[in-house]
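A.B. asks: Handing you this structure, nothing more for now.
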Amino acid sequence: MTKKTCFLAIALFAPLLTITRPAVAQDHDCVVRQFAMTRNVINLEPQGLVEGDYPPGTERAYAFARLDCTQVGAGETFWFHWLRNDQEVGRSKARVDVSRNWRIWSQSRIFPGDWAVLLKDGSGRLQAERRFTVADPKKPAED
């Protein structure tokens, strides 16, 4: 069998191969106790909780999470995913450790549009989500 024929055979039959992966064990037991949008985070505490949307002209948003973790795998991280108009515009990671009051946060510059912040664990499982809108200060408000 030539190299070309061997490559063709692999390419043709590769979709028929099934790769079985072992189930991923739960590497943490963290529970999100609070997930909030804020105006700032100072001394590990959220400042100025934002209920609803950010007002026009706001330049920066903070996503704050308070976790309750009694079992955490070595090197466990959570990820904040910032989306604007359904497109990811930023991502940051935060280390997680054993604590009944573990606090993590992320910040992003924000612009007019529809936003979402997703909090995912290191395995990509969604742990929390917040959505908000930043109005364009140049457009008149709709009645």
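What follows is calculated from the coordinates using simple rules that are stated; it is not laboratory data. Keep in mind that what you see is a predicted model, and the values were worked out from it rather than measured. Glycine gets a Cβ as well: all are built from the backbone with ideal geometry, and neighbour counts include every protein chain shown.
A.B. asks: How far, in nm, would the chain grow between ASP114 and ARG33 when pulled straight, counting 0.36 nm per residue and subtracting the alpha carbon separation? Working shown, then result.
C.D. replies: Working: separation 81, 0.36 × 81 = 29.16 nm, distance 2.48 nm.
Here the segment from ASP114 to ARG33 would lengthen by 26.7 nm.
A.B. asks: Give the residues of the stretch 83-117 whose amide nitrogen is closer than 11 Å to a point set 7 Å from the Cα of LEU44 in the direction of its Cβ.
C.D. replies: 99-104
A.B. asks: Now, a different point. Using 0.36 nm per residue, how much length does the chain from LYS93 to ASP53 gain when fully extended, once their Cα-Cα distance is taken away? Show your work: numbers first, answer last.
C.D. replies: Working: separation 40, 0.36 × 40 = 14.40 nm, distance 2.41 nm.
Length gained between LYS93 and ASP53: 12.0 nm.
A.B. asks: With an 8 Å Cα cut-off and a minimum separation of 6 or more residues, compute the relative contact order for the stretch 25-134 in percent.
C.D. replies: 29 percent
A.B. asks: A further question follows. Would you please give the FRET efficiency between ASN85 and SER123, computed as 1/(1 + (r/R0)^6) with r the Cβ-Cβ distance and R0 = 25 Å, to the nearest 0.05?
C.D. replies: Taking R0 as 25 Å, the efficiency between ASN85 and SER123 is 0.40.
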